[in-house]
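Enquirer: Following this message is one structure expressed as C-alpha cells.
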Amino acid sequence: MPAAPLAYFITFTTYGTWLHGRDTGSVDKAHNEVGTPFLPPDGDLEQDSRGEMSQPPYLLDGPRREIVLKTLLEVANHRRWSLWAVHVRGNHVHAVVSADAGPEKVMSDFKAYASRRLKEHFAESADRRRWTQHGSTLYLWTEAEVAAKCEYVINDQGEPMAVHDGRAAAPELRRPSEPEA
C-alpha cells in the first residue's frame, strides 16, 4: 500500500439527527470499522439517546446548506486541499478530499469553520451544538475508490441539495505528499 491515501471520504452528521438505535442503523465505537455492521434498530436505545441531548436537533435548511458548502470550499482552497466532491444534506455532510493533513484535522476544520460561519450569518448562539462529536473517515487508496465515492456523494444521495463536483476543475489526482508535475 502507498504511504498516503489518494483521498479521504469524510461524513459528519448534525447534532441530534442520527441517534444510536435509529431504524436505518448507526455506528458506535465497537461498530466503526470498515465492514462492521451497523448497530441494529433499537427503539429504547434511540429514546435513551434522545433523552441525553442537551439541545434540540440541528437541521440544515437551504440557506444553511449553502453557507456550509461555501465554507468547506473556502477552507479547502485556503489549506490547498483538493475537494473532489461535497454534498451538504439536511442532516449530514459528505466530502471527498485530498489533503496533506489527517482526516481528523480535515473534518475538525470543516466543522469548526462551518460553525463559525453559521453563527455569523444566522446570529446563532456560540454554544449551539451543530455537529455530532465525530464522524466517519475512510481512506481512499485507488483512483477507482475515489471515483466511486465521488459518484456516491454527487449522484446517489437523492434529490441534490448543496453540491460541489470538483472533479473537472481540480488538478490531476495525486497523493498529497507528491509534488505537482
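The values are calculated or read from the model by the stated rules, or taken from the named source; none is laboratory data. As the structure is a computational prediction, the values presented were derived from the model and not from experiment. Heads up, the Cβs are rebuilt from the backbone with ideal geometry, glycines too, and the neighbour counts pull from every protein chain shown.
Enquirer: If you take the residues of region 71-93 that are part of a helix (DSSP H, G or I) and among the hydrophobic types (A, V, I, L, M, F, W, C), which of them is nearest to Gln133 (Cα to Cα)?
Expert: The extreme case among them is Leu72.
Enquirer: Of a type in the set (Phe, Trp, Tyr) and at pLDDT below 70 - does that describe any residue in region 52-75?
Expert: Among the residues of region 52-75, not one is of a type in the set (Phe, Trp, Tyr) and at pLDDT below 70, which makes the answer no.
Enquirer: Please verify whether region 132-139 includes one or more residues that are under 15 Å from Thr14 (Cα atoms), modelled with pLDDT of 95 or more and within 11 Å of the chain's Cα centre (by Cα).
Expert: There is no residue in region 132-139 that is under 15 Å from Thr14 (Cα atoms), modelled with pLDDT of 95 or more and within 11 Å of the chain's Cα centre (by Cα).
Enquirer: Looking at the structure I just gave you, is Val96 in contact (Cβ under 8 Å) with a residue 24 or more places away in the chain, in a strand (DSSP E or B) and closer than 18 Å to Ala7 by Cα?
Expert: Criteria met by Val96.
Enquirer: Find the residue count for region 115-131, including only residues that are over 21 Å from Leu83 (Cβ atoms) and either at pLDDT below 95 or outside any helix (DSSP H, G or I) (or both).
Expert: 7
Enquirer: Let me ask you something else. Could you run through region 134-167 and say how many residues are among the small types (Gly, Ala, Ser), part of a helix (DSSP H, G or I) and buried (at least 16 other Cβ atoms within 10 Å of the Cβ)?
Expert: Going through region 134-167 one residue at a time, the tally reaches 1.
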